[in-house]
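Quick one: structure below, then a few questions.
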Amino acid sequence: MKALVYGGPGIRTWTDVPDPVIHEPTDVIVRIDSSTICGTDLHILKGDVPAVQPGTILGHEAVGTIEEIGSAVTTLAVGDRVLVSCITSCGRCRFCREAKYGLCTGGGGWIFGHLIDGLQAEYARVPFAETSVYKVPEGLSDEDVLFLADILPTAYEVGVLNGRLEPGDTLVVVGAGPIGLATIMTAKLFTPARIVAVDLADSRLEKAREFGADVVINNGREDAVAKVLELTDGLGADLAVEAVGVPDTFELCTSLIRPGGRVANVGVHGHSATLHLETLWIRDVTITTGLVDTSTTPKLLKLIEERRLDPRLFATHHFALADTEAAYDVFADAATTSALKVVLAAHPVELEPGALREPALAGV
Ligand SMILES: NC(=O)c1ccc[n+]([C@@H]2O[C@H](COP(=O)([O-])OP(=O)(O)OC[C@H]3O[C@@H](n4cnc5c(N)ncnc54)[C@H](O)[C@@H]3O)[C@@H](O)[C@H]2O)c1
Ligand SMILES: [Zn+2]
Ligand SMILES: [Zn+2]
């Protein structure tokens, strides 16, 4: 089969590799129908995630069809269409029993395109399949559910739920990439009074408006703290979600919140940030961190089925799976291409490769 193979920092090739085979009775083999690229894949290519060995197939988000099942698999069958999520659950360890699948100590957690071969491939071996994949309901397309593999549960669980967002809150989302935009989309389920988006890129702030931000701040030109204080009678936001992953934006989030406010950190950080306890100790703040568990995937799937959420808005570009290398170029150059998420489809796509999809109506 063909797959996108990591060759060490800066090197990725769509090339021939051996077909995956069943290793454990709990495995299934999935034919990949649709996959996508994550900002984390770009981090890996920069060499920021040394656990990824050269030779590993990248990718941790896909929708596929089961081709083969291990001898212990009884609740899935050949031909089932399934969402293969970024998080795998052994179903047995202490953390999986608490639905904290991201912390799985039984061989699951974030393993695809990290510790084992990933999903930017024609086929993939999926371990612990029965406790890890989700059957796709009839009537939903690959694109309806693909972004449930990572960005939607990440933003919802690590941003909105960890941040304990409530109706009437002022929410500031720092970073309006796919994760920040998914935070805006899922935050609206809780009817915040006001959503403020902060980013350095005007193109991303435009997207934030499309997704439902009421106020946008370019913190390259404007003082975000002053503007948020002005909006909140000098108090600050109830919740700030950090969706970038650099020290500056974490520190900014801790200055944006009111006394008793919350910071929910979603960004993956490669450097230490300063925690200003000299000003924060007296302010009753709560700061949370986390890796996505994907425990809310069934609930989010229900919301998509009922059209209360429309993740198709994230799909800005479409490619054939065989054109994954070109898709990486477009995705990595988001500043010029305005890419949010690229859809890699195994079946012939209706649109020209790389064609920009007209976003559907925002604010579902
Ligand atoms: N915790 C988890 O489980 C988890 C899961 C997936 C992704 N992530 C992380 O979430 C973060 C966001 O992911 P993404 O895919 O949206 O990334 P992205 O790079 O596409 O978006 C980041 C956005 O931040 C903006 N930005 C950069 N520097 C800024 C600054 N100083 N001030 C304001 N805005 C700034 C950029 O313009 C961009 O729009 C990343 O760190 C990613 O690794 C975390
Ligand atoms: Zn990811
Ligand atoms: Zn486990």
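Along each of the three principal axes of the Cα atoms of the chain, give the extent in whole Å, ordering the values from largest to smallest.
Principal axes ranked by extent give 61, 47, 42 Å for the Cα atoms.
For TRP110, TRP281, write out the residues from largest to smallest accessible area, computed with a 1.4 angstrom probe and no ligands counted.
Values: TRP110 55, TRP281 175 Å².
These residues rank, largest area first, as TRP281, TRP110.
Whole Å is fine, so just give me how far the alpha carbon centre of the stretch 294-332 lies from that of the stretch 177-236.
Cα centroid to Cα centroid, the span is 22 Å.
Of TYR6, ILE57, THR186, which is farthest along the charge dipole of the chain in the positive direction, counting Lys and Arg as +1 and Asp and Glu as -1 at C-beta?
THR186
Heavy atoms only, probe 1.4 Å: what % of the accessible area of the chain goes to carbon and sulfur, would you let me know?
The value for the chain is 53 percent carbon and sulfur by accessible area.
Rounded to the nearest 500, what is the chain's calculated 222 nm mean residue ellipticity when only DSSP H runs of at least 4 contribute -39500 (n - 2.57) each, over all residues?
-5500 deg cm²/dmol
How large is ³J(HN,Hα), in whole Hz, for each residue of the stretch 49-63 in order, when computed from phi with the Karplus curve 6.51 cos²θ - 1.76 cosθ + 1.60 and θ = phi - 60°, using x for Gly and Pro?
Running phi through 6.51 cos²θ - 1.76 cosθ + 1.60 with θ = phi - 60° gives 10, x, 5, 7, 7, x, x, 7, 6, 7, x, 9, 9, 6, 10 Hz.
Hey, can you grab everything whose amide H is under 5 Å from the amide H of ALA237? Only 5+ residues off in sequence or another chain; H modelled, so Pro and N-termini drop out.
Correct list: ILE257, ARG258.
What shape does the stretch 1-67 take by its C-alpha gyration tensor, where a ≥ b ≥ c are the square roots of the eigenvalues and a/c under 1.5 counts as rounded, a/b above b/c as prolate, and the rest as oblate?
prolate
Okay, next question. Can you quote the Å³ per residue value for the convex hull of the Cα atoms in the stretch 1-118, rounded to an integer?
Here the figure is 107 Å³ per residue.
If you don't mind, another one. If every alpha-carbon in the stretch 201-270 counts as one equal scatterer, what log10 I(q)/I(0) does Debye give at q = 0.13, 0.18, 0.21, 0.29 1/Å?
With no solvent term, the Cα-only Debye profile gives -0.37, -0.74, -1.00, -1.38.
Quick one: accessible surface of LYS2, probe radius 1.4 Å, all protein chains present, in square angstrom to the nearest 10.
70 Å²
Something else now. Top to bottom by accessible area (1.4 Å), largest first, where do TYR156, TYR101 land?
So, going from the largest accessible area down, we get TYR101, TYR156.
Hey, another quick one. If you consider only alpha-carbon coordinates, what radius of gyration and Dmax does the stretch 113-266 have, in Å?
Cα only, the stretch 113-266: 17.3, 55 Å (Rg, Dmax).
Determine the alpha carbon to alpha carbon distance for each of LYS207/LYS227; LYS100/LYS135; LYS46/LYS341; LYS227/LYS302; LYS46/LYS227 and list only those over 25 Å.
Cα-Cα > 25 Å for LYS227/LYS302; LYS46/LYS227; rest within.
Still on this structure, I have one more. Let me make sure I get this right: for the stretch 168-237, a, b and c are the square roots of the gyration tensor eigenvalues over alpha carbons, sorted descending. Under 1.5 in a/c it's rounded, otherwise prolate if a/b > b/c, else oblate. Which is it?
Since a/c reaches 1.5 but b/c is at least a/b, the shape of the stretch 168-237 is classed as oblate.
Another question, then. Please report the Cα spread of the stretch 116-160 along all three principal axes, rounded to whole Å, starting with the longest.
32, 29, 21
To the nearest 20 Debye, how big is the dipole of the stretch 146-235 about its Cα centre, given +1 on the beta carbon of each Lys and Arg and -1 on that of each Asp and Glu? Spell out each step's value before the answer.
Working: 8 positive and 13 negative charges, 25 e Å.
Dipole of the stretch 146-235, to the nearest 20 debye: 120 debye.
Quick one: ranking ARG307, ARG283 by accessible area, 1.4 Å probe, largest first, what do you get?
Greatest to least solvent exposure: ARG307, ARG283.
Once Rh for the stretch 233-314 is found with the Kirkwood sum over Cα pairs, what is the Stokes-Einstein diffusion coefficient at 25 °C and 0.890 mPa s, in µm²/s? Let's see the in-between values first.
Numbers: Rh = 14.6 Å.
It comes out at roughly 168 µm²/s.
Shape call for the stretch 153-199 from the C-alpha gyration tensor, a ≥ b ≥ c root eigenvalues: rounded (a/c under 1.5), prolate (a/b greater than b/c) or oblate?
oblate
Hey, could you grab the Kirkwood Rh for the stretch 70-131? Inverse mean 1/r over distinct alpha carbon pairs, Å, one decimal.
With all distinct Cα pairs of the stretch 70-131 included, I get 12.3 Å.
The values are calculated or read from the model by the stated rules, or taken from the named source; none is laboratory data. This is a predicted model, so every value here is computed, not measured. Quick reminder, even Gly has a Cβ in these numbers, built from the backbone with ideal geometry, and neighbours come from all protein chains shown. For the accessible areas, the whole protein counts, side chains as well, though only heavy atoms, and no ligand, DNA or RNA atoms are used. Shrake-Rupley method; radii C 1.70, N 1.55, O 1.52, S 1.80 Å.
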